[in-house]
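Take a look at the structure set out below.
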Amino acid sequence: MKRLLVLSTLFGGAVLLSGCGIFPMKGNSLAAITLDHIASDPIVDNNVLPAKRGEAMSRGIIIFNTGDASIGTAMRNGGITKVHHVDYDVKNILFIYNETKTIVYGQ
């Protein structure tokens, strides 16, 4: 009986910590983080004015994820053809709820 309890506890802990089905988990159990896109990325052109702004968002609850937080979608939403820079806003609550917003600036 003790062996079964120990094995089920280890298995349950491994499942909870695996992050299966949850996408970008930045931070600890409660996080709100803003990340800048790498300036050396070929999609980024700092000679472009950041006149327009486009956003794309995705959300996830446990293993159910929805949305498209890609740079391409944010560019389409803002009518942007040339990118100045990209920001990411990531929220994570106890690895249960996850929200990722991609913000693209450019022309």
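Any chance segment 56-64 includes a residue that's more than 22 Å from the chain's Cα centre (by Cα) and modelled with pLDDT of 60 or more? Spell out the reasoning first.
Let us first name the residues in segment 56-64 that are more than 22 Å from the chain's Cα centre (by Cα), namely none.
The answer is no, given that none of the residues of segment 56-64 is more than 22 Å from the chain's Cα centre (by Cα) and modelled with pLDDT of 60 or more.
(1) at pLDDT below 90; (2) polar (S, T, N, Q); (3) under 14 Å from the mean Cα position of the chain (by Cα): which one isn't true of Asn46, the others all being true?
Status for Asn46: all satisfied but (3).
State which residue pairs qualify: first residue closer than 16 Å to Phe95 by Cα and inside segment 46-73, second residue charged (D, E, K, R) and surrounded by fewer than 17 Cβ atoms within 10 Å (Cβ to Cβ) in any location, beta carbons under 7 Å apart, and separation of 6 or more residues or different chains.
Ser58/Asp68; Thr66/Arg59
The values are calculated or read from the model by the stated rules, or taken from the named source; none is laboratory data. Note that the structure is a prediction, hence the values are computed from the model and not measured. In this analysis, Cβ positions are derived from the backbone assuming ideal geometry, glycine residues included, and neighbour counts consider all displayed protein chains.
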